[in-house]
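Asks: My questions all concern the structure below.
We did not get these values from a lab; they are worked out from the coordinates using the rules stated. Here the structure is a predicted model, which is why all the values come from computation and not from measurement. For neighbour counting, all protein chains shown are included, and Cβ atoms are generated from backbone atoms with ideal geometry for every residue, glycine included.
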Amino acid sequence: MSQEQFNFDKEATIAKLDEVIGYIKKDKFDSETIKKITDDTLEGFDDYVSPGWLKYRKSVSTDAAVLEWHDEGSIDYGLNDEEFIDFLGGFGIYTFGHRNQEILETVEAQLKHQALHSQELLDPLRSYLAKAVSEITPGDLQYSFFTNGGAEAVEMSLKLARIATGGRWYISTVGAFHGKSMGAISVGGKGSYREPYLPMIQQVQHVEYGNAEDMRKAIANLQEVGEKVAGIKLPPEGYLQEVRKIADEFGVALIFDEIQTGMGRTGKIWASEWSGVTPDIMTFGKSFGGGIMPITGIVFTKKMWVQQLIDNPWLLGSPTFGGNPLACSAALAAIRYMIKYDIPQQAFEKGEYLIPKLKEYAKKYPQLIQEVRGIGLMIGIEFNTTDIGYAVSKGLFSRGVMTAGTLVNAKTVRMEPPAIVTYEQIDTVLKRFGETLEEISKKL
């Protein structure tokens with residue numbers, strides 16, 4: 001393609017980029033600039049990101065366009081100084097709070113001498129981080145492979161299970177969610193995500209959530225007809241001891257997805273610790289980067305790193321930015337912070353304070369709330385209808401509290417505040433939650 005065939009106004013583009021970079025370097029804006037940034041953002045999302053995104057966001061913010069611009073601790077601030085107590089936590093990212101200063105200082109120090117790696121020389125932080133992960137994970141989990149996003153970590157776990165076991169089938173549960181890449185959706189159990197992409201990876205069988213005997217029958221039947229199962233993707237629940245026995249019985253790799261539950265959110269470093277079960281492969285992510293940098297990955301036992309992978313360590317994958325120095329520095333600082341300030345215990349104690357009070361509201365408003373469940377600061381409030389859930393999210397949003405349902409409905413609204421949230425902030429949210437429920441109850 002010649003220069004004449006592809007031409008654009010370079011000077012105008014540079015001028016616009018200078019303007020935007022100028023915004024990045026400023027903290028405060030006058031009303032005219034705020035309006036311009038807001039108008040630019042609305043136009044940009046509608047014309048260049050996704051026409052449906054603004055409609056989706058309006059389900060909570062109605063016709064108010066709130067642009068996030070800075071954050072700190074447990075608070076999100078809008079461009080116009082709107083203030084929200086964050087009870088969403090970025091769907092699990094902000095366990096250690098927003099812009100945690102101890103973690104941020106470590107990342108800034110790393111940025112001063114190197115951000116990304118050469119891809120050829122040895123990067124020491126990856127080595128230190130892998131060892132740290134081995135030390136804080138249960139049982140004989142030892143080797144780590146670092147990735148960029150949760151779905152990518154799930155993909156790597158599925159690939160590793162096949163390589164290590166020689167199996168081709170996966171068993172997952174109805175209702176499970178593990179990400180939106182093709183492999184992750186395939187083992188997911190939500191029809192709304194799967195149906196647009198059918199047919200998917202075919203060697204996946206779904207069984208009833210929480211029914212270990214269904215799982216045993218599914219694996220036994222597949223092996224009886226000559227099909228070998230590679231892995232099991234399950235949220236850690238009480239029946240995991242039996243699932244571990246089944247995996248050992250049939251020689252199947254047991255995979256735990258701890259992308260949201262890990263790094264202290266449930267009151268243990270890893271949710272699987274509640275059951276005392278160690279998987280063969282475990283995914284991690286979300287808050288692993290300390291709320292500062294994106295980094296995810298998998299950790300697995302020595303037996304999973306078979307000779308085929310020793311001979312070709314890139315066979316599993318070679319993500320360009322996976323385990324880069326900047327991300328590793330954030331994860332190292334996050335692990336240190338978690339241990340130093342006992343984040344799991346903080347999450348557990350604050351959950352023990354918050355959950356009973358939410359259950360009191362459930363008793364008071366049975367016409368609205370079906371169930372409150374959770375452990376630590378991973379809490380779900382299930383409403384009687386998705387419309388009620390949306391109304392509650394809107395009511396909390398209008399009162400300066402950020403929370404949300406799932407990406408497809410709000411029948412269950414999650415509360416995942418940072419573990420460093422104060423009891424005063426928790427009480428404020430509880431008060432605003434009660435006001436929201438009372439308002440909706442009167443309307444009904």
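Asks: Count neighbours as other Cβ atoms within 10 Å of each site's Cβ, and list the chymotrypsin sites (Phe, Trp or Tyr not before Pro) in the range 319-373 that are DSSP loop with at most 16 such neighbours.
Replies: Answer in residue order: Phe321, Tyr341.
Asks: Need the full-extension length gain, Glu108 to Tyr23, defined as separation in residues times 0.36 nm minus the C-alpha distance. One decimal, nm.
Replies: Length difference between fully extended and current span is 28.6 nm.
Asks: Which percent of the Cα-Cα distances in the range 237-317 go past 16 Å?
Replies: Percent of Cα pairs beyond 16 Å in the range 237-317: 59.
Asks: Another one. For the range 380-444, just say rounded, prolate or oblate: build the C-alpha gyration tensor, square-root its eigenvalues into a ≥ b ≥ c, call rounded for a/c under 1.5, and beyond that prolate if a/b exceeds b/c, oblate if not.
Replies: It comes out oblate by the Cα gyration axes.
Asks: With r as the distance between the Cβ atoms of Phe321 and Lys443 and R0 = 45 Å, compute the FRET efficiency 1/(1 + (r/R0)^6) and round to 0.05.
Replies: 0.40
Asks: Please state, as a whole number in µm²/s, the translational diffusion coefficient that the Stokes-Einstein equation yields for the range 308-386 at 10 °C and 1.306 mPa s, with Rh defined as the Kirkwood radius across alpha carbon pairs.
Replies: Translational D for this selection: 97 µm²/s.
Asks: PRE reach from Thr33 (point 7 Å along Cα→Cβ): which of the range 77-98 fall under 15 Å by backbone N?
Replies: 79-81
Asks: Just grab the label-to-label distance for Ala65 and Phe8, each label 7 Å out from Cα along the Cβ direction, in nm (one decimal).
Replies: 2.1 nm
Asks: Within 10 Å of each candidate Cβ there may be at most 14 other Cβ atoms; applying that plus a DSSP loop requirement, which trypsin sites (Lys or Arg not before Pro) in the range 79-162 survive?
Replies: Qualifying residues, ordered by number: Lys112.
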